[in-house]
Amino acid sequence: MKNISLETLAVHGSYKKDETGATNPPIYLSNAYQFKDGEHAAALFDLSTSGYIYTRLNNPTVAVLEDTVAALEGGIAALACSSGQFAEFMTIITLAKQGDNIVTSNLLYGGTHTLFTSQFARFGIEFRFADPNNIAEFEKLIDDKTKAIYIESVANPQGVVPDFKAFAELANKHKLPLVVDNTCATPYLVRPIEQGAHIVIHSATKFLSGHGNVLGGIVVDSGKFDWENSGRFNEFSTPDESYHGLIFTKHFGAACFAAKMRVSAMRDIGGCISPFNAFLIQTGIGTLHVRMQRHIENAKKLAAYLKTNKFVEWVNYNGLEDNKNYKMASAYLKDNGASILTFGVKGGYEKSKKFIEKVRLALHVSNLGDIKTIVTHPASTTHRQVPQDELESTGITANLIRVSVGIENIDDIIEDFKNALED
Ligand SMILES: Cc1ncc(COP(=O)(O)O)c(C=O)c1O
């Protein structure tokens, strides 16, 4: 079938029924696979034939998830990882080496920011930060050692939606891959590859699974970046001695980025996903579109309610017409907002902390994208070590509450928030 819709892809996934007729993919927990003979083993290790060797490299259950997410994002191949953080790590380590730099947004998810600044600094890979609303600032930071432009489709938690087309133009002008973390929007809201991105990353821990029982990450290769002629990625088009002189661009063609991540970075570093977790994420994906629809509907209703509550100082939701991110959100998120919003409680730090303690239905946990509504107060938790002036400069004020709006009956959540704010 041609042009199958995202909804149908999500429901059916990439699984093709095996001889048992089982309607869901079997969970292959086996960590290794029998070689037919010595020649077959050698061919597998030389990459001159395809097949399974060892679950760190590939696994049939994991492959179902990889193919499903690649299809949902409109890519040609994907690599599943143990977490979203590891998906980021695999991507960066495949793109950059000591002395290189990546130009990125100054409004990234906190864990990504720390990975980039505290860990990659030790590898000699520099991250240069710019305002995602200011393309010119990004361009100024690009030089001949730049290896990628890295952005989030919906900045967590500020809700900024980048001008994808402008970023894609900038990336193409400088022959750089555009990498997009699509965790918060999901392919239901935007498919970054259709907007010109070359690589898409997910924390599958969040909306892709939706049930809060799993950690996982995935990297999707669009197959659209010209690794051979960019002039920035010699190691893709010159012989790799660890594979007897194999040349990735020649051997794997358009999918050479995903292949290099798998057979080089994943082979050497590890960090593969458990087949059981891949199965759980695959199961979650079956309802992605239905959940997203309800997440968004609920977020809009909650944001509208919060605007009317006298104990609320401000509301930041990119689905509200008067919001600074509305224009880009409606342009790229199919006329929707996302399902994450922030608001400020009147009375500052103490009142906000109290609100968090008083909600009864919403969970106070460090996560997002669950079917259950989640509230967090960054100033007293994830960001408590960050100095006040730095917090304010990224918009994380002392009274900011982040909400990942769930799929409950929104009237119950509104009642929960009302009681906690008034208490
Ligand atoms: C936008 C974004 N990217 C990546 C991650 C990291 O994912 P994980 O927690 O699965 O490692 C998160 C986690 O919250 C996130 O919000």
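The values are calculated or read from the model by the stated rules, or taken from the named source; none is laboratory data. Remember, it's a predicted structure, so these values are computed and weren't measured experimentally. Cβ atoms come from the backbone with ideal geometry, glycine included; neighbour counts cover every protein chain shown.
Some observations on this one:
Residue-wise test of (1) under 17 Å from the mean Cα position of the chain (by Cα); (2) at pLDDT below 95.
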position	(1), (2)
190	yes, no
196	yes, no
211	yes, no
241	no, yes
247	no, no
261	yes, no
267	no, no
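- When 349, 332 are checked against the criterion of being at pLDDT below 95 and among the aromatic types (Phe, Trp, Tyr), a single residue qualifies: 349.
- Scope the stretch 114-138; condition farther than 26 Å from residue 264 by Cβ and free of Cβ contacts under 8 Å to residues at least 12 places away in the same chain; matching residues: 134, 136, 137
- Identity of the residue in the stretch 266-300, among the small types (Gly, Ala, Ser) and surrounded by fewer than 20 Cβ atoms within 10 Å (Cβ to Cβ), that ends up farthest from residue 186 (Cα to Cα): 270
- Listed by first and then second residue, the pairs linking a residue in the stretch 140-151 that is under 14 Å from residue 233 (Cα atoms) to a residue that is assigned to a loop (DSSP other than H, G, I, E, B) and of a type in the set (D, E, K, R), with Cβ atoms under 6 Å apart and 6 or more places separating them unless they lie on different chains, are 145/100; 147/100.
- Residue in the stretch 95-113 that is more than 15 Å from the ligand (Cβ to nearest atom), assigned by TED's automatic domain parsing to the domain that holds residue 251, in a helix (DSSP H, G or I) and over 13 Å from the mean Cα position of the chain (by Cα) present: yes
- Counting only residues that are farther than 18 Å from residue 26 by Cα, buried (at least 24 other Cβ atoms within 10 Å of the Cβ) and more than 16 Å from the ligand (Cβ to nearest atom), the stretch 39-92 holds 3 of them.
- Candidate set from the stretch 342-384 (those that are of a type in the set (S, T, N, Q) and in a helix (DSSP H, G or I)); member that is farthest from the ligand (Cβ to nearest atom): 352
- Residue match in the stretch 180-191 (condition: among the polar types (S, T, N, Q) and touching a His at 6+ places or on another chain (Cβ under 7 Å)): yes
- Residues within the stretch 276-323 that are among the aliphatic types (A, V, I, L, M), under 23 Å from residue 158 (Cβ atoms) and within 22 Å of the chain's Cα centre (by Cα), tallied: 3
- Of all residues in the stretch 214-234, none are within 14 Å of the ligand (Cβ to nearest atom), farther than 28 Å from residue 169 by Cα, under 27 Å from the mean Cα position of the chain (by Cα) and loosely packed, with under 15 Cβ neighbours inside 10 Å.
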